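Throughout, read-outs are computed from the coordinates displayed, never taken from laboratory work. Keep in mind that this is a model prediction, so the values were computed, not measured. Don't worry about glycine lacking a Cβ; one is built from the backbone with ideal geometry, like all the others, and counts go over all protein chains shown.
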Amino acid sequence: MIALQKISTDIWDMKYRFKSGESGVVDETIADTWDRVARALSRCEGKKAAHWKREFRKALEDFRFLPAGRIVSGAGTGRNVTLFNCFVMGTIPDSLGGIFDMLKEAALTMQQGGGIGYDFSTIRPKGSRVAGVDADASGPLSFMDVWDAMCRTIMSAGSRRGAMMGVMRDHHPDVLAFVEAKRDQARLRNFNLSVLVSDALIEAVDADADWPLHFDGTVYNTIRACDLWDAIMRATYDYAEPGVIFIDRINQTNNLSWLETIAATNPCGEQPLPPYGACLLGSVNLSRFVADAFTDAAHLDLEALKSCVATAVRMMDNVVDSSNFPLEQQREEAFNKRRLGLGVTGLGDALIMCGIRYGSQQAVDAVDAWLGAIANEAYRTSALLAAEKGPFPLYEAEHYLKAPMVQSLDADVQALIAEHGIRNSHLTSIAPTGTISLYANNTSGGVEPVFGYVFNRKVLQTDGSHVEEEIQDFAYLTFRSVFGEDTALPDYFVEADGLSPREHVVMQAAAQKWVDSSISKTINLPQDIDFEAFKDVYRLAYDLGCKGCTTYRPNDVTGSVLSKTAAPAAAPVPTDAGKPAGFINRPEELPGQTYKIRWPHSEHAIYVTINDIIEDSAGADGEIVRTRKPFEIFINSKNMDHYAWTLALTRMISAVFRRGGDVRFVAEELGAVFDPQGGAFVGGRYEPSLLAIIGGVIERHLDSLDGASAPALKIVPDSARAAAGKAEVEEISMPDRGLLCPKCHQPSIVKMEGCNTCTSCGYSKCS
């Protein structure tokens, strides 16, 4: 048994451990959490509750079955929360009242912990007429901004971040703006975005045909289909969004195609759902079913796997009866269809432990065999549950038995469904499983390859801050526990960014064959991949039968939660290369200089303080050489309009300072920032922005350090300087031009009778 890493216990404590405000900690151990969940979900079994509690508990042991996080954190707590992960909400009406009714439903759903998905294609495009008020429509993106603000508000009420999926049809007149929306780093950060790609668009791209953009029967514009497709691919390459959802394929292969039309997915994309559809997730951990790992006899124990699948399906079916629902429409949808999303996690680790390289033909064959066994056992169990408890209320044998997924099952399973019906309309889905995989000792997530064998992860704390923790992959830990630290990794150890786009996609396609919903998988690619090698990845996904696709290439817009560190192939060799770059611990006292800036667009002065650190090093002749370097920066002003960006700026610049090296590029970057509201003349020189002025202050400070005699410097605490009346403040003065008017943006604000009044446009506000 591999010992749990700290990240696993931290995740459990922060997200899944039951703590009561009245009695404090309830779950003393992870085993207590398993007991709680098993007990809660067995209550639906009547007289057999004790038996099924033991079976449920056995499935949870050693993280073999991982119910989704909302089940683990909520089941058996008595809290008024939903155990369903996500919902697709109702169709948004094209009216202001209807839009805000939908916003309210979204807020109520998120309050109970559910993520949401929406199709915003039903809102008229920007610039179209609103006849009732004789005005122009603001378009769907403006209302998505409202949803985004709502999500920021609601997520602050709980420990789990809210999540939303926003989709738009490929023919909507605003689709190009939708594709480009996240180029703005501050916009729609609580949304995942995907384009609903139709078969017709793919055909138009192949024919290099025109593509009409239309809404409600009116064509607003016509573009080349190839131009739209290229825009999608370029945006995805640059900042990882939007993804694509092949909506026609989803509806054609839907088990309930005769009954419902799907237009959106849950936030991660693995559950295409009808209006008010509910997403119920759980994952079987394949890494725990590998027998004789890292030997020639390594294999997946299919009988043990199928036994766990059967138990998991019953557990998840009981969740439907145990959960709360934010809205009555969601409850009705869940009970009428009893949709489940049983998936896998640990596929990447299981392949490694069996000596199989991810993306190889052998891996494709393994996925086909493993997931085929899971799908058949899940449908078999659901048919037997139907014999015991009844099929889902909307079951119609004539239609259901013709569904493509049902037709692909083993003959004996199809016969069982024909005889008894089926308890659950859908049974398989593959989620990203990021957090629960960390909880399970950092097992590889979903059907993904291993991201990195050793990596750092930013972990969100309860106070909103982040800490970085080093984490090791489960298969890597297992290998090292057997073979030691000095053994080189075999060639079947391959990381996500070491795979080609095709190797990623063929694995997703192999899994899709046995998934009746969809798959959340990210095609992780290296930053330096050429666009020509990248641009066909979505088309390949379409050609191989996937229902959707997303990519991630490291970029400046999205950043990253994960950062890899090198996993040594053998024991590291000591080196004399010197101290590695990294953050420097802050001494209690630092010397510094404060600069006073007067910016004509601000009523109050701005103070920039740069503190330095003095470091000693050995010179060529053995003499101690002292150098003075910038260590941190603070920006202060009574003007609270500057608070947010100055705080962010100082933290980022200080972090750069502490890493050492040449930091002059900071001043250069700030100096290139232009203020759209206009700059100012300083000493006869035009400065394009306040940020450029701050960059100039940093440059001036660095110049002073270059010419300073560092050994002669004396570190004097601020308190002592103040007592001596020798505050180190240098004023950077600027012409008095008046304050900037918030209405007309002219520097024309003057004080009149206690009010700020603009002499240009008449704006007035009492101070």
Checklist outcome for this item: Sorted by chain and then number, the residues having a modelled amide H within less than 5 Å of the amide H of residue 220, at least 5 places away or on another chain, are 213, 214, 215
Checklist outcome for this item: Applied in sequence order to segment 236-242, the curve 6.51 cos²θ - 1.76 cosθ + 1.60 (Karplus, θ = phi - 60°) yields integer Hz couplings, x standing for Gly and Pro, of 5, 5, 7, 8, 6, 9, x
Checklist outcome for this item: Whole-Hz Karplus couplings 3J(HN,Hα) for segment 296-302, θ = phi - 60° and coefficients 6.51, -1.76, 1.60, Gly and Pro as x, run 5, 9, 4, 7, 8, 6, 5
Checklist entry - How much FRET efficiency would the formula 1/(1 + (r/R0)^6) give for residue 529 and residue 136, where r is the Cβ-Cβ distance and R0 is 35 Å, rounded to 0.05? => result 0.25
Checklist entry - Amide H to amide H under 5 Å from residue 163: which residues, 5+ apart in sequence or cross-chain, H placed 1.01 Å off N in plane? => result 116
Checklist entry - If one computes the Cα centroid of segment 245-299 and of segment 324-363, what distance in Å separates the two points? => result 5 Å
Checklist outcome for this item: The extension gain from residue 25 to residue 636, computed as 0.36 nm times the residue separation minus the Cα-Cα distance, is 215.8 nm
Checklist entry - Under a plain spin-label model, where a point goes 7 Å from the Cα along Cα-to-Cβ, how far apart in nm are residue 365 and residue 336? => result 4.6 nm
Checklist entry - Ranking 276, 220 by Cβ neighbours within 10 Å, fewest first, what do you get? => result 220, 276
Checklist outcome for this item: Ranked from fewest to most other Cβ atoms within 10 Å of their own Cβ, 62, 216 fall in the order 216, 62
Checklist entry - Listed highest first by mean packing, meaning other Cβ atoms within 10 Å per residue, what order do 535-547, 235-247, 656-668 come in? => result 235-247, 535-547, 656-668
Item to check | Note, ³J(HN,Hα) from phi for segment 488-503, Karplus 6.51, -1.76, 1.60, rounded to Hz, x at Gly and Pro | outcome: 5, 6, x, 5, 7, 6, 9, 9, 4, 7, x, 9, 6, x, 4, 4
Item to check | Radius 13 Å from Cβ of residue 508, net charge of other residues (Lys, Arg +1; Asp, Glu -1) | outcome: -1
Next on the checklist: How would 56, 674 line up from fewest to most surrounding beta-carbon atoms within 10 angstrom?
Outcome noted: 674, 56
